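Take a look at the structure below.
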Amino acid sequence: MIQSLESLHRAAQERGSRVLAVAAAQDAEVLLAVDAARKLGIATAILVGDEEQIRAIAQAHNIPLEPHRILPEPDKVQACRTAVKLVRDGLADAVMKGIVDTSIILKAVLDKEIGLRDAPVLSHVALFQVPGYDRLLYVTDAAMNIAPDLEAKKHIVSNAVKVAHALGNPNPIVACLCAVEKVNPKMPATLDAAALVEANAAGALPGCTVIGPLALDNAVSPEAARHKGITDPNAGHADILLVPNIETGNVFYKSMVFMAKSQNAGLIVGAKAPVIVTSRADSEQTKLNSIALALAVAATNL
């Protein structure tokens, strides 16, 4: 089971070099991450975008372009469509956002003609290596679904569980995060948590163990769970944290990065291939981690 980002990189290496389609690739951090992936032996890229800008950026940063292929397309909308179609046609294994708005590339991913929609709901899965923790933490959904209802949460859980399976965890523990540990009719997230636990027990959410409602401390700390009298043996041992809404997820994500100094990776799942939509504020290392995650997942034919 992959329990660190270093082991994630090794797993991607073991699964062989794959092809990444980069939409609007004229971005220094993205090109540096792609070059780092090449050096690791996990990817070459088809760089779709403004060729003149791509070459100028590569020259300024001493990035070799010979291992990669450039498809000239200065229009960012069309660059996204071209990159997505490369994956759809089997010419690339994952698609990555370059210097373009996330909404534009997602529109291409969801396009009925050339898109990659597979599952009923697409969702974001983030992976965190938190200092002091002995395992990777998955967080979903911090970037895509704004206020998912119960049915959407079922799909979000299933998407994250598939990623955990791809990284070698056969039965991840999913904690439904709420503000309290008891079901409260005035707090809809607790009702959803109880319903998700029931669905899991009934076999409707296979391949995982769902627990909740739980506050964050009881989800990741066995000591905190014991202090609060929570008897579930899985409390404190969560692998996947299901957030109730995008605000909670966004705050958690950024607090992990900027305050806890966690290393991380992320991708959108639920499509026919992984979709990498890192933020412009994400570091080159985060982009490389996300490439490794996406290609490790792609190698399992998720």
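Do we have residue 29 as open to solvent by 40 Å² or more (accessible area, probe 1.4 Å), out of contact with any helix residue (DSSP H, G or I) (no Cβ under 8 Å at 6 or more places or on another chain), modelled with pLDDT under 95 and more than 23 Å from residue 165 (Cα to Cα) here?
Working: open to solvent by 40 Å² or more (accessible area, probe 1.4 Å): yes; out of contact with any helix residue (DSSP H, G or I) (no Cβ under 8 Å at 6 or more places or on another chain): no; modelled with pLDDT under 95: yes; more than 23 Å from residue 165 (Cα to Cα): yes.
Considered against the rule, which asks whether it is open to solvent by 40 Å² or more (accessible area, probe 1.4 Å), out of contact with any helix residue (DSSP H, G or I) (no Cβ under 8 Å at 6 or more places or on another chain), modelled with pLDDT under 95 and more than 23 Å from residue 165 (Cα to Cα), residue 29 comes out as no.
Name every residue in region 203-213 that is out of contact with any Asp or Glu (no Cβ under 6 Å at 6 or more places or on another chain) and hydrophobic (A, V, I, L, M, F, W, C), in order of residue number.
204, 205, 208, 210
Could you please find all residues in region 1-44 being outside any loop (DSSP other than H, G, I, E, B) and free of Cβ contacts under 8 Å to residues at least 40 places away in the same chain?
Within region 1-44, 6, 7, 10, 13, 14, 28, 31, 35, 38, 39, 44 meet the criteria.
Report, by residue number, each residue of region 118-143 that is under 13 Å from the mean Cα position of the chain (by Cα) and open to solvent by 50 Å² or more (accessible area, probe 1.4 Å).
If the condition is that a residue be under 13 Å from the mean Cα position of the chain (by Cα) and open to solvent by 50 Å² or more (accessible area, probe 1.4 Å), then 143 is the only one that fits.
So which residues in region 165-180 are in contact with a strand residue (DSSP E or B) (Cβ under 6 Å, 6 or more places away or on another chain) and either closer than 21 Å to residue 247 by Cα or of a type in the set (Gly, Ala, Ser) (or both), if there are any at all?
174, 175, 176, 177, 178
Hey, can you tell me all the residues within region 3-21 that are crowded, with 21+ Cβ neighbours inside 10 Å and polar (S, T, N, Q)?
Scanning region 3-21 gives no hits.
Of these, 186, 153, 162, 107, which one is surrounded by fewer than 23 Cβ atoms within 10 Å (Cβ to Cβ), in contact with a strand residue (DSSP E or B) (Cβ under 7 Å, 6 or more places away or on another chain) and either among the small types (Gly, Ala, Ser) or not in a strand (DSSP E or B) (or both)?
That would be 162, the only listed residue that is surrounded by fewer than 23 Cβ atoms within 10 Å (Cβ to Cβ), in contact with a strand residue (DSSP E or B) (Cβ under 7 Å, 6 or more places away or on another chain) and either among the small types (Gly, Ala, Ser) or not in a strand (DSSP E or B) (or both).
Could you check how many residues of region 287-301 are open to solvent by less than 10 Å² (accessible area, probe 1.4 Å) and hydroxyl-bearing (Ser, Thr, Tyr)?
1
Assess whether residue 193 counts as being open to solvent by less than 10 Å² (accessible area, probe 1.4 Å), of a type in the set (Gly, Ala, Ser) and within 22 Å of residue 252 (Cβ to Cβ).
Yes, satisfied.
Which condition does residue 91 not pass, out of (1) open to solvent by less than 30 Å² (accessible area, probe 1.4 Å); (2) assigned to a loop (DSSP other than H, G, I, E, B), if it passes all the others?
Status for residue 91: all satisfied but (1).
Does any residue in region 231-258 that is farther than 13 Å from residue 176 by Cβ come within less than 6 Å, Cβ to Cβ, of a residue that is open to solvent by 60 Å² or more (accessible area, probe 1.4 Å) six or more places away or on a different chain, and which pairs are these?
Qualifying pairs under 6 Å: 246/146.
The values are calculated or read from the model by the stated rules, or taken from the named source; none is laboratory data. This is a predicted model, so every value here is computed, not measured. Neighbour counts run over all protein chains shown; Cβ positions are idealised from the backbone, glycine included. These area figures cover heavy atoms from the full protein model, side chains too; ligands, DNA and RNA do not enter into them. Shrake-Rupley method; radii C 1.70, N 1.55, O 1.52, S 1.80 Å.
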